[in-house]
1. Note down the relative contact order for segment 9-138 as a percent, whole number, built from C-alpha pairs under 8 angstrom at least six residues apart.
2. For segment 1-95, compute Rh as the Kirkwood radius over C-alpha pairs and then the Stokes-Einstein diffusion coefficient at 4 °C and 1.567 mPa s; write the answer in µm²/s, rounded to an integer.
3. Pop out the ³J(HN,Hα) list for segment 73-88 in order, Karplus 6.51 cos²θ - 1.76 cosθ + 1.60 with θ = phi - 60°, rounded to Hz; leave Gly and Pro as x.
4. Within the chain, count lysine pairs with alpha carbon atoms under 29 angstrom apart where the residues are 8 or more positions apart or belong to different chains.
Amino acid sequence: MLDPNNITQDLYQFTIKNLGEVARDPNGVANELREISATHGYYYGIMIKTKRLLDDAEDALENYKASARASKRDEGVKLTAVAAEDYVQSLEPTRELSNEVRRLKECYGYAKGICSTLEMKKDMLVQLSANSRQESKLYQ
């Protein structure tokens with residue numbers, strides 16, 4: 001099972017390689033057409049879960065930044081918007097949360113790429129199936 005929280009480039013490339021292959025014979029195309037909706041549904045669910053994790057991480061980052069600015073104001077320090085942002089960006093937890101957001105954006109991008117690959121594969125399978133039907137009509 002693919003972990004929505006940890007889709008790496010290697011895992012993405014392995015998955016794309018396996019999912020991107022298309023059957024060459026008409027029976028294989030028909031079988032793949034029957035299975036593609038379930039496969040797409042599975043990976044679409046992974047993409048949704050990854051997006052939720054990303055949204056949660058972005059919310060955590062924004063909440064931390066707001067809390068850090070409020071904490072500095074509570075100390076009686078008057079900061080301009082730029083100075084407050086500079087202060088927040090200089091904090092280690094901000095860097096850690098920002099790195100987590102970037103990592104999850106990458107995971108989400110990979111999940112979207114897998115779903116796009118499956119959509120393209122479906123289109124190719126439909127076209128191959130149509131071509132096969134047209135060829136069989138020629139020989140009748």
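1. Details: 77 pairs, mean separation 63.1, N = 130.
The normalised contact order for segment 9-138 reaches 49 percent.
2. Working: Rh = 17.3 Å.
Once the numbers are plugged in, D ends up at 75 µm²/s.
3. 5, 5, 6, x, 7, 9, 10, 6, 4, 5, 5, 5, 5, 4, 4, 4
4. 25
Taken together, the values in this text are just the output of simple stated rules run on the coordinates, not laboratory data. It should be emphasised that the depicted structure is a prediction, and the values quoted were computed from it without experimental measurement.
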